[in-house]
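Q: Please find one structure pasted underneath; my questions will follow.
The values are calculated or read from the model by the stated rules, or taken from the named source; none is laboratory data. The model shown is predicted, which means the values in this text are computed figures rather than measured ones. Cβ coordinates were reconstructed from backbone atoms using ideal geometry, including for glycine residues, and neighbour counts include every protein chain displayed.
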Amino acid sequence: MTRLISRRRALVEFGIGGAALILAGCDTSARAPAAGGSTLLSVWGDPSADGNLTVGPGAPLIDRTELAQPSKLGPELARIAHLTDAHVLDAQSPARVTFLRRLGPPFNSTFRPQEALTAQVLGGAVRPINDFGPDVVIQGGDLIDNAQANELHQAFSVLRGGRVERASGRGPYFGVQAAWDPDPFYYRPAIDAPVHPRLLADAVAPFESVGLRAPVFSVLGDHDVLVAGVVVPTSVTQQIAVGDRAVWDLPTQLNVGRVSGASAAPDGIAAPAQIDALIDELLSVPGVHVPADSARREVSVEEMLGALRGFGSKDGTGALLDYGFDVGTALRVIVLDLVRRGGGSNGVVQVGQAEWLARELAAAGDRWVIVVSHQPLRSSAGGDALLALMDQHPRMLALMWGHTHKNQITPRKAANGGYWQISTASLVDWPQQARALRVLATEGRGVVLETWMLDHAGDQGVGELSRELAYLDAQGGRPQGFAGGALDRNVRLYRQAARS
Amino acid sequence: MLATSTVVAYGLATGFERSAKAADLADVIADFQPQPLSRVVPRIDALPDLATASFRLQLTDVGLAANGHFANDGVVEVLEPGRQGFAILAGHDLSGPGEVLVEQGLARAWGIRVGSTLTMAGRGSLRVIGITETPDNVAYPLATPRVYMTRATYDAAVGATEFLPFCPPGELERLRARFKGHFRLAANRRTCPRFEGRQAQGGLGPQSSDPVVNEVDLWARSQSGLNALLVQAREDSYGIEDLSFVTRAGVRVLVDQAAGIVIALLVALSVVALLTAAVMLAASARADVQRRLMAIGVRRAVGATRRHVAALGAAEATLVAAPAASVGVLAGLLVASGPSSSLLYLLNERPPGGALAPPLVACWLVAVAIPVGLSAWPAWRAGARAPSALLNGGELRGGTGAGRGGAGLVGLGGRLVLARRMRLFATLAMLGISAAFILLMLALASELVTLENDPSALGQRYQLLAPLPASDARAVAALPGVAGASARYELTAADSFSLGETIDVIAYPGNPTKYEDPPLASGRWLTGPHEAVVGVGLAQVLGLSPGATLALALPSGAEVRLRVVGTVSAIEHDGRVAYAPAGALLAADPAAPEQIAVRLDSGASITAVSSELASLGAPPSPTATVAGGGSKGQTLVAALTAILRAVAVVDGLVCLYTLIQALALVAVERRSTIAVLRACGAGSAAVQRLLAGAALVVVLPALLIGVALERLVLGPAMSRIAESYAALPLAASAEAIAVAVLGLLLLGAIAVLWVARQADREPIAAGLPL
């Protein structure tokens, strides 16, 4: 898909860039965020570090030359949007273990102050992606949070466009964040600072989504098929999910020491056995009566794979969501499924995946290759073998993942020229961003990958509340540095010409 | 009076903020059970809006000695490097080993200076290298003595632990389990680390370089984000026991309430006194113009315009008022600044110093402007009259009142005063109000004794607690001297969410405000069966506000959930208190401990009522029990009494001035009468009798007015102001009234002698009619 930039487009982009430069020189105190969410034009930040997000000037692309020196830009080859870890969740589901959050790591992700607004944030991310105009959208996994059918329905509604109904329950919000819940460890927006009395009402109100215009290709994430991203759904968890009994408070007799000692990835603990033991204990403690809802049923792996393939990822029919597709004529994307079918949040390379990847890489021919997974290969069991394969490929351009919820870009140097490892932030934790990628040819048959972050926007203020809460969250992305540094966000990543 | 009021009111109203700013007081102070620093720092670093934080280990019940003084309840603050929330008043900050900073209240009380030596629990001498002001609490002796040192100094000083109390059974084992990995426990140690801190060889020694802290001071970048910071801190605090947050505003509430009702009353008193002073200045200025009517008539007769007369009146008033105001302001400053500063030092607050200049200049301007304006205005009005009328009006003509007095010179003096009814009214008003204030201050001073040194008693409106069953409440209420009695339930509950908070739960069957009425900070008091009112301290810890739900785990194991409808500025138990309806509490725990709260009639004897209660089966405990020794209360009361005394002295001077002014006007207006008497052979004693009659006509009604005003208006009004703090019967006693009567009579005698002496100096011929 070699593409020359038209004169009109060049003028438009020149105009946008000029506007960005003008804005950069202006006072930032009353700046409005860029309507398209592009961080090239405006950036949310907290320059005074007082917890209040303000809009600052856009961040220009920075050249990164660890793998190749800058060279003259040529025609655009492809545009991709990487949207990952939306974690659209049913905040009223009894299958959640929100009370574990107070124990701190590794349970940070079991509750978030902004968790009731995940669908709205995903809806806000759709607009900037459409404005960016990608050839394809890669949905990088963990589209939903708790492997529930109603979460999936809600997320697909957002991505397809149209009216998005609440995830579950009827009437007002009924969950741990209600003002009447006395538990002080939950942020209750009607009474806790920052006070947002209408937040929960807005969270359960239906809204309209414009839907993604570009084709969507999905990566499977652990939260898409595992309860809390860790546990394989069973009849017990199924019963809890659709039932009318929830546990909101940390049971006093809970064996905290056993579960808190677990190691974890940022979005869930690694060892499902610990959660299994916890579930057994939870079944014996008093709970809260909540409205039952059969829409909360847990989806199986097969059902999820079918749904994702039916939604956009047409390739493949096997037990893994491994597939490849071309973007134009110069780029091939290979999707890897590293989700542990037996439970656990960290990735695993299954038997036969290395061979499959080798075949896919070989089949890419003279196209540049981007490999995408949900979990990072470097921390996945058996990932080294796949990395070794990619190290040998002469036209490997980038390896992308989500899961860590963190913006990070590092070069991986290899004999064949190396490639860029790109981790993209989540939509659920601060900084709640998606990633725009543009592949351009460079002089001398090289290539450059321009990438910048896209903020969610145009979500009628609700999304901005989510961003504010995500930023304030003391267990969230801000203190964990999920936004990354300047070199992890808006950069131009050069790759030298393929060595024959 | 104006200046006195200003000095006191301004100093108290601005003291905390001034000191907090100078000391760079933290926005939030968090106390908790000791934790390794490495466990606390990540949670603190994750907070939004955080500018910086400093960590401390606060040790309590440490023996301190210096200059022959000793205290075994000392507080040692072991500082980690970083920003600190205190100001160095003298000397310099900690910089080397063996150095200690001493809080200014302790330094004043013990005579400690920079360079002095302080001994910590007999464990060696420390050199005092600075005196600090820390407005996060009141000063010694209202609070425990406090010193600061670095961790290195502390470790070096505390080589062994003899001064620490012995461990209760099992305590050492509990600490061993709790701090496993952080401490090396000697097998044969019997001493107990009360503060659970790091100690050197011989006791609990550190195995790592991870010090233990139990206090964090937080500075926010923006006050607007402070609440969000607190919410995040609370949500991130699981597992840290006994956590309490106090914001700078909360510290102010605590410090202000430590001085209690007295500060509120003094501020109110100052405001009222200011208004009174203005009225008195206005009345005296008007009387002065009245006295000068003849001179105005002369000026008009020789051609002076009305405007000229008014300007001249203003100028003359300025000549008198300016130096008088200067002297008055200076006197007020001198009289009030000492006692006011003493009180501020006790509160760990800084006297205003130079900042007092603008309000005092304003006082001076007011003190000059009021008499000038009020002299110019009647002069302007008088200038409108014909010169002949003014000249005739300069001497009193026969009036109807003059014939109704008694016989003799005393009666004549009375008739002369009664002849000028408007002036008499103004003089009586001035003297009456002044007398009322004197009586109020005397009543207040006597009530201070009951409040001394027990700030936690604020808000309590009962005087006795009887350990009797609730069913005896009716019988207790029927006892003589008892105004009311109610069952009172109190127990210690825990929060239901393992925050480690203990909550003092208090319940009454009916309206609790009859017996306990701490000031409402938000919301309202209880009206429903499942409602709660919580202390601000508890509200901050649990994130409660009106509309939220309070969940309490009772000692019985039951849980009770109540809807919060209000918060109160209670200070006992750091504000971690909850008021609940008895019905809700008893439904969850029918065995809740019960007592009977007893309110006494005004003037009823606590001893007598106690005897009556004892006859019912249980000795009551008075609520005014002084905790922590008497010296704290005595110091505070001494400072407050000094202020009251200063205000009373100034008030007395105002009375004297008013009396002299009234008698001088009589003498001037009746100069011809006096001259005739003197021409007929009357001596100075006769003139004194004449003026004494005039003085009595003023003083005696003024006393009646003063007593009535104090008992019917000012006393009840002040009691109402105070009722949210304490039940204060501020009606003047018979003794106070007797003191006021004698005092005013004495002032009247002084005024008579003064004016008679002035009249004697005038030649007789000068006063005789032409």
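Q: Would you say residue A:226 is touching a Leu at 6+ places or on another chain (Cβ under 7 Å) and either within 11 Å of chain B (Cβ to nearest Cβ) or hydrophobic (A, V, I, L, M, F, W, C) (or both)?
A: No; evaluated as a whole, the condition is false for this residue.
Q: Then there's this: Cβ-Cβ under 6 Å, sequence separation 6+ or interchain: first residue in region A:364-392 and of a type in the set (S, T, N, Q), partner in a strand (DSSP E or B). Which pairs?
A: Once the first residue is of a type in the set (S, T, N, Q) and sits in region A:364-392, its partners that are in a strand (DSSP E or B) give A:373/A:401; A:380/A:348.
Q: Does region B:227-247 contain at least one residue that is assigned to a helix (DSSP H, G or I) and either within 30 Å of residue B:343 (Cβ to Cβ) or modelled with pLDDT under 80 (or both)?
A: Among the residues of region B:227-247, not one is assigned to a helix (DSSP H, G or I) and either within 30 Å of residue B:343 (Cβ to Cβ) or modelled with pLDDT under 80 (or both), which makes the answer no.
Q: Of B:394, B:373, which residue is small (Gly, Ala, Ser), surrounded by fewer than 23 Cβ atoms within 10 Å (Cβ to Cβ), modelled with pLDDT under 80 and over 30 Å from the mean Cα position of the chain (by Cα)?
A: Among B:394, B:373, only B:394 is small (Gly, Ala, Ser), surrounded by fewer than 23 Cβ atoms within 10 Å (Cβ to Cβ), modelled with pLDDT under 80 and over 30 Å from the mean Cα position of the chain (by Cα).
Q: In addition: Quickly run through region B:480-497 and pick out the residues that are more than 14 Å from every other protein chain (Cβ to nearest Cβ) and either touching a strand residue (DSSP E or B) at 6+ places or on another chain (Cβ under 8 Å) or not in a loop (DSSP other than H, G, I, E, B) (or both).
A: Once the filter is applied, which keeps residues that are more than 14 Å from every other protein chain (Cβ to nearest Cβ) and either touching a strand residue (DSSP E or B) at 6+ places or on another chain (Cβ under 8 Å) or not in a loop (DSSP other than H, G, I, E, B) (or both), region B:480-497 yields B:481, B:482, B:483, B:484, B:485, B:486, B:487, B:488, B:489, B:490, B:491, B:492.
Q: Being small (Gly, Ala, Ser), at pLDDT 95 or above, surrounded by fewer than 24 Cβ atoms within 10 Å (Cβ to Cβ) and within 21 Å of the chain's Cα centre (by Cα), is that true of even one residue in region A:399-412?
A: No.
Q: Hey, another quick one. Condition test on residue B:466, is it away from chain A (no Cβ under 14 Å) and modelled with pLDDT of 90 or more?
A: Judged against the criteria, residue B:466 is not a match.
Q: OK, next. Is it fair to say residue A:176 is in contact (Cβ under 8 Å) with a residue 60 or more places away in the chain and closer than 24 Å to residue A:292 by Cα?
A: yes
Q: Looking at A:361, A:357, A:308 in this structure, which one is part of a helix (DSSP H, G or I) and in contact with a Ser or Thr (Cβ under 6 Å, 6 or more places away or on another chain)?
A: Being part of a helix (DSSP H, G or I) and in contact with a Ser or Thr (Cβ under 6 Å, 6 or more places away or on another chain) holds for just one of A:361, A:357, A:308, which is A:308.
Q: Taking region A:319-354 only, how many residues are of a type in the set (D, E, K, R) and in contact with a Leu (Cβ under 7 Å, 6 or more places away or on another chain)?
A: Looking only at that region, the number is 2.
Q: Something else: For region B:306-318, check the following and say yes or no: at least one residue is among the charged types (D, E, K, R) and modelled with pLDDT of 85 or more.
A: Yes, the conditions are met somewhere in region B:306-318.
Q: Among the numbered criteria (1) under 25 Å from residue A:167 (Cα atoms); (2) within 19 Å of the chain's Cα centre (by Cα); (3) crowded, with 23+ Cβ neighbours inside 10 Å, which single criterion is violated by residue A:309?
A: Of the numbered conditions (1) under 25 Å from residue A:167 (Cα atoms); (2) within 19 Å of the chain's Cα centre (by Cα); (3) crowded, with 23+ Cβ neighbours inside 10 Å, the odd one out for residue A:309 is (3).
Q: I would also like to ask the following. If you go through region B:563-572 one residue at a time, do you hit one that is within 12 Å of chain A (Cβ to nearest Cβ), of a type in the set (A, V, I, L, M, F, W, C) and surrounded by fewer than 24 Cβ atoms within 10 Å (Cβ to Cβ)?
A: The answer is no, given that none of the residues of region B:563-572 is within 12 Å of chain A (Cβ to nearest Cβ), of a type in the set (A, V, I, L, M, F, W, C) and surrounded by fewer than 24 Cβ atoms within 10 Å (Cβ to Cβ).
Q: Given (1) surrounded by 23 or more Cβ atoms within 10 Å (Cβ to Cβ); (2) of a type in the set (S, T, N, Q); (3) over 20 Å from residue A:196 (Cβ atoms), identify the lone condition not met by residue A:392.
A: (1)
Q: Starting from residues that are within 20 Å of residue B:225 (Cα to Cα) and assigned to a helix (DSSP H, G or I), keep the ones in region B:9-31 and report whichever is farthest from the other protein chains (Cβ to nearest Cβ).
A: It comes out as B:17.
Q: So, one more: Consider residue B:591 carefully, then state whether it is modelled with pLDDT of 85 or more and buried (at least 21 other Cβ atoms within 10 Å of the Cβ).
A: Criteria not met by residue B:591.
Q: If you don't mind, there's one more thing I want to ask. Can you give me the ranges of the strands (runs of 3 or more DSSP E) entirely in region A:407-500 with at least 1 residues that are away from chain B (no Cβ under 14 Å) and aromatic (Phe, Trp, Tyr)?
A: Here the list reads A:419-423, A:446-455, A:491-495.
Q: Another question, then. Assess whether residue B:109 counts as being under 24 Å from residue B:252 (Cβ atoms) and touching a residue at least 40 places away in the same chain (Cβ under 8 Å).
A: Yes: the conditions hold for residue B:109.
Q: Another question about this same structure. When region B:32-48 is examined, which residues are found to be under 37 Å from the mean Cα position of the chain (by Cα) and either away from chain A (no Cβ under 14 Å) or assigned to a strand (DSSP E or B) (or both)?
A: Selection gives B:32, B:33, B:34.
Q: Go through region B:521-556 and give me each residue that's more than 16 Å from residue B:502 (Cβ to Cβ), surrounded by fewer than 16 Cβ atoms within 10 Å (Cβ to Cβ) and more than 14 Å from every other protein chain (Cβ to nearest Cβ).
A: Of everything in region B:521-556, those that are more than 16 Å from residue B:502 (Cβ to Cβ), surrounded by fewer than 16 Cβ atoms within 10 Å (Cβ to Cβ) and more than 14 Å from every other protein chain (Cβ to nearest Cβ) turn out to be B:524, B:525, B:527, B:528, B:529.
Q: When you look at residue B:656, is it within 30 Å of residue B:332 (Cα to Cα), part of a helix (DSSP H, G or I) and modelled with pLDDT of 85 or more, yes or no?
A: yes
Q: Counting only residues that are surrounded by 24 or more Cβ atoms within 10 Å (Cβ to Cβ), give me the strands (runs of 3 or more DSSP E) lying completely in region A:116-228 with at least 2 of them.
A: Those strands (runs of 3 or more DSSP E) span A:136-139, A:216-218.
Q: Now for a different question. Tell me, which residue of region A:191-203 that is within 7 Å of chain B (Cβ to nearest Cβ) and free of Cβ contacts under 8 Å to residues at least 60 places away in the same chain is farthest from residue B:237 (Cα to Cα)?
A: A:191
Q: Mind counting the residues in region A:170-189 that are modelled with pLDDT of 90 or more, of a type in the set (Gly, Ala, Ser) and within 18 Å of residue B:234 (Cα to Cα)?
A: 1
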